[in-house]
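Here's the structure, in structure tokens; my notes come after.
Readers should treat all values here as calculations from the given coordinates under stated rules, not as data from a laboratory. Owing to the predicted nature of the structure, the values given are computational and were not obtained by experimental measurement. Cβ coordinates were reconstructed from backbone atoms using ideal geometry, including for glycine residues, and neighbour counts include every protein chain displayed.
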């Protein structure tokens with residue numbers, strides 16, 4: 001596609017060969033005719049046919065760009081590399097498993113247009129989460145601890161669908177799993193965030209890349225790290241003096 005898009009949809013994927021084509025089709029249906037956009041898929045060194053499916057789709061999808069990791073690096077790195085490659089000032093992210101609904105993106109854009117300029121992140125909030133009972137319980141427990149420690153006033157930070165300003169995102173401190181703490185990190189940087197109810201769907205193909213125990217162990221260390229970052233943060237306005 002030519003020109004500069006207004007929106008970049010960034011989708012990290014790892015071994016999601018059966019979810020690629022349906023999700024790309026849904027993104028096109030949700031956004032074509034509404035906004036100038038591009039789709040940036042980041043293949044995190046998949047071992048299945050994910051990359052081949054993406055290359056096939058590119059032939060018929062001018063909006064689609066593909067970035068490939070040379071080694072598996074995880075979701076946060078994939079999101080960040082997708083944002084760095086993106087050409088639009090605003091980014092929408094989606095999980096590559098199809099559980100996020102691209103039809104929610106126009107609503108996020110409408111919320112942005114109706115909000116103050118200081119709001120730089122619109123985070124999806126899965127009010128009717130379609131996951132196993134154990135995963136929902138673990139998420140509820142983790143959200144409660146995170147909210148108490150970070151005071152980010154965000155009911156659901158793990159939702160993959162988000163809309164944020166590219167420049168604000170790239171100014172945040174980078175670390176693995178940072179995508180789970182974007183509201184707190186944005187607020188630390190002096191920006192406002194808003195949670196927006198979104199649809200959530202069952203996974204219909206592929207398998208989850210996370211388990212509750214592994215996520216909890218990593219999350220504990222991350223929580224203390226983000227809490228330290230917030231406590232050590234200092235902000236001030238600046239002005240350039242005339243000659």
- line: Most fluctuating of 77, 154, 204 in the GNM of the chain (C-alpha, under 10 Å) is 204
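In which sequence would 156, 171, 113, 95 go, from the one with the fewest C-beta neighbours within 10 Å to the one with the most?
Sorted ascending by nearby Cβ count, the order is 113, 171, 156, 95.
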statement: GNM on the chain, Cα springs under 10 Å; top mean-square fluctuation among 194, 127, 20 goes to 127
- prompt: Per q in 0.12, 0.14 1/Å, what log10 I(q)/I(0) does a Debye calculation on the alpha-carbon atoms of segment 30-87 return?
  reply: -0.30, -0.41
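Based on other C-beta atoms within 10 Å, arrange 46, 76, 115 from fewest to most. Spell out each step's value before the answer.
Values: 46 21, 76 18, 115 13.
So the residues, fewest neighbours to most, are 115, 76, 46.
Roughly speaking, what is the stretch gain from residue 6 to residue 36, that is 0.36 nm per residue apart minus the C-alpha to C-alpha distance, in nm to one decimal? Before the final figure, lay out the partial values.
Working: separation 30, 0.36 × 30 = 10.80 nm, distance 0.54 nm.
The residue 6-residue 36 span can extend by a further 10.3 nm.
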- prompt: Using a Gaussian network for the chain with springs between C-alpha atoms less than 10 Å apart, which of these wobbles most: 29, 21, 60?
  reply: 60
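Starting from 0.36 nm per residue, how many nanometres of slack lie between residue 47 and residue 201 once their C-alpha separation is accounted for? Intermediate values should be presented prior to the final figure.
Numbers: separation 154, 0.36 × 154 = 55.44 nm, distance 2.49 nm.
Fully extending the segment from residue 47 to residue 201 adds 53.0 nm.
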query: Taking N as the number of residues in the chain, what is its Cα Rg relative to 2.2 N^0.38 Å?
result: 1.00
statement: Between the modelled labels at residue 220 and residue 233 (7 Å from Cα along Cα→Cβ) the distance in nm is 2.5
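Using Cβ counts within 10 Å as a stand-in for footprinting exposure, how do 224, 175 rank, fewest first?
Details: 224 11, 175 14.
In increasing order of surrounding Cβ atoms, one gets 224, 175.
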message: Per DSSP helix of 4 or more residues, -39500 (n - 2.57); summed, then divided by the residues of the chain. What does that give at 222 nm, rounded to the nearest 500?
response: -11500 deg cm²/dmol
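So if each residue of separation counts as 0.36 nm, and I subtract the Cα-Cα distance between residue 115 and residue 170, what length gain in nm does that give?
Values: separation 55, 0.36 × 55 = 19.80 nm, distance 2.12 nm.
Gain on stretching residue 115 to residue 170: 17.7 nm.
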